[in-house]
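The values are calculated or read from the model by the stated rules, or taken from the named source; none is laboratory data. Bear in mind that the values here come from a model prediction, so they are computed numbers and not experimental data. Every residue, glycine as well, gets a Cβ built from its backbone with ideal geometry; the counts of neighbours run over all protein chains shown. Note: accessible area is taken over every heavy atom of the protein model, side chains too, but ligands, DNA and RNA are not part of it. Shrake-Rupley method; radii C 1.70, N 1.55, O 1.52, S 1.80 Å.
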Amino acid sequence: MKKVIYFVCLITLVLTGCTQRKASTSIDPANDSLQQVIAQRDNEINDMMGTLNEITEGFRQINEAENRVSIVKDGEGTNKKQQIKENIQFISNTMQRNRELIKKLQQQLRDSRFNGGELKKTIENLTQQLDEKNQQLQQLRTELDSKDIHIAELDETVNNLNSNVSNLKTESEQKSQTISDQDKQLNTAWFVFGTKKELKDQHILVNGKILESNFNKNYFTKVDIRVDKEIKLYSKSARVLTMHPSSSYTLSRDANNQYVLRINNPQIFWSTSKYLVILVK
């Protein structure tokens, strides 16, 4: 339970920080579209926090039910078996509910504009918490068997939980890989620099037009726009041919008097085109 509370506190700080950063930004009241984006992002964060709080409450209720089982199984009474059965069923139902809520939280994150690395880690840890609860339930069955308190329904419950937790982990891994692949694709761009003859030979420059024919894409170099922000051109003459906002980059000379392209704002620079063509001599 302490782990769950820790992760909720952690992600609350992360999401609150995002909201506060947006609130502190100076916004033109006339910019309705930007305000709508911010409002939508706030709603997405509130929805995710609501789901996260439900999951936390579910784990709290599971812990309480586990404590009730521990008290009953070590005590006396004619209704001991029935009470244990009812609590086991409650634990099973609550774990199933938490499993569904974790799936919901994963979907909310995928559909949102919020790229929360910490939230992804929190979801992974919540899934791990669910797996640990499943293992504890199996240990409880073994202990009950040793006390001749065998509940037939518990066998089916545990078997279902084993299958569901395994499926959830597999689904989570597959979706994490899909998100990772999509993220990599969104942050991939290509650049090329060459002389006029070289660009013409690769059909990159045709009749004074850029990238309008069947150009050779293999001639380009792939980059990660989050990492690669400097391109050495090894030339004393350089001109950017593709359209990129001038405020987002600079062309400056190095110690050898050769040009280097430095991208100051990658998101803006690559917003107009994921292909960069530079003419050198």
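Per-residue counts of other Cβ atoms within 10 Å, averaged by peptide: what ranking do you get for 267-273, 206-212, highest first? Working shown, then result.
Numbers: 267-273: 15.0, 206-212: 12.0.
The densest-packed peptide leads the list: 267-273, 206-212.
How far, in nm, would the chain grow between Ser246 and Gln138 when pulled straight, counting 0.36 nm per residue and subtracting the alpha carbon separation? Provide the component values of the computation, followed by the final result.
On the way: separation 108, 0.36 × 108 = 38.88 nm, distance 6.28 nm.
Working it through step by step, the gained length comes to 32.6 nm.
If you wrap a convex hull around the alpha carbons of the range 79-124, what volume per residue comes out, as a whole number of Å³?
Once divided by residue count, the hull of the range 79-124 is 59 Å³.
Any of Lys200/Lys274; Lys120/Lys217; Lys232/Lys274; Lys81/Lys121; Lys121/Lys184; Lys121/Lys274 with alpha carbons more than 27 Å apart? Name them for me. All intermediate terms of the calculation are to be shown ahead of the outcome.
Working: Lys200/Lys274 20 Å; Lys120/Lys217 34 Å; Lys232/Lys274 18 Å; Lys81/Lys121 39 Å; Lys121/Lys184 18 Å; Lys121/Lys274 30 Å.
Going by Cα-Cα distance, Lys120/Lys217; Lys81/Lys121; Lys121/Lys274 fall outside the 27 Å limit.
Relative to a virtual label point 7 Å from the Cα of Thr272 in the Cα→beta-carbon direction, which members of the range 204-240 show backbone nitrogen distances below 16 Å?
Label zone hits: 209-212, 239-240.
So for each of 135-142, 101-108 I average, over its residues, the number of other beta carbons within 10 Å; can you give me the resulting order with the highest mean first? Kindly include the intermediate steps, with their values, before the conclusion.
Values: 135-142: 14.6, 101-108: 18.8.
Answer by packing, highest mean first, reads 101-108, 135-142.
Counting only residues 5 or more places away or on other chains, whose amide H sits under 5 Å from the amide H of Ser235 once H atoms are built in the peptide plane?
Tyr259
Could you order peptides 229-242, 57-70, 252-265 by the average number of other Cβ atoms within 10 Å of their residues, highest first? Could the numbers behind the result be given before it?
Working: 229-242: 14.7, 57-70: 17.1, 252-265: 13.1.
Top of the packing list down: 57-70, 229-242, 252-265.
Hey, for a label at Lys281 modelled as a point 7 Å past Cα toward Cβ, could you say which residues of the range 203-246 have their backbone N under 14 Å away?
Of the residues in the range 203-246, 235-240 have backbone N under 14 Å from the label point off Lys281.
Output ³J(HN,Hα) for the range 83-88: one whole-Hz value per residue in order, computed from phi by the Karplus curve 6.51 cos²θ - 1.76 cosθ + 1.60 with θ = phi - 60°, and x for Gly and Pro.
5, 5, 4, 5, 5, 4
How much FRET efficiency would the formula 1/(1 + (r/R0)^6) give for Asn125 and Thr221, where r is the Cβ-Cβ distance and R0 is 35 Å, rounded to 0.05? It would help to have the intermediate numbers written out before the result.
Numbers: r = 38 Å, r/R0 = 1.09.
Between Asn125 and Thr221 the formula returns 0.40.
For a distance above 20 Å, tell me the whole-number percent of Cα pairs in the range 214-269 that qualify. Show your work: numbers first, answer last.
Details: 464 of 1540 pairs.
Counting every Cα pair in the range 214-269, those more than 20 Å apart make up 30 percent.
Roll a 1.4 angstrom probe over the protein heavy atoms and tell me the percent of accessible area of the range 187-254 that is carbon or sulfur. Spell out each step's value before the answer.
Numbers: 2030 of 4350 Å².
Carbon and sulfur together cover 47 percent of it.
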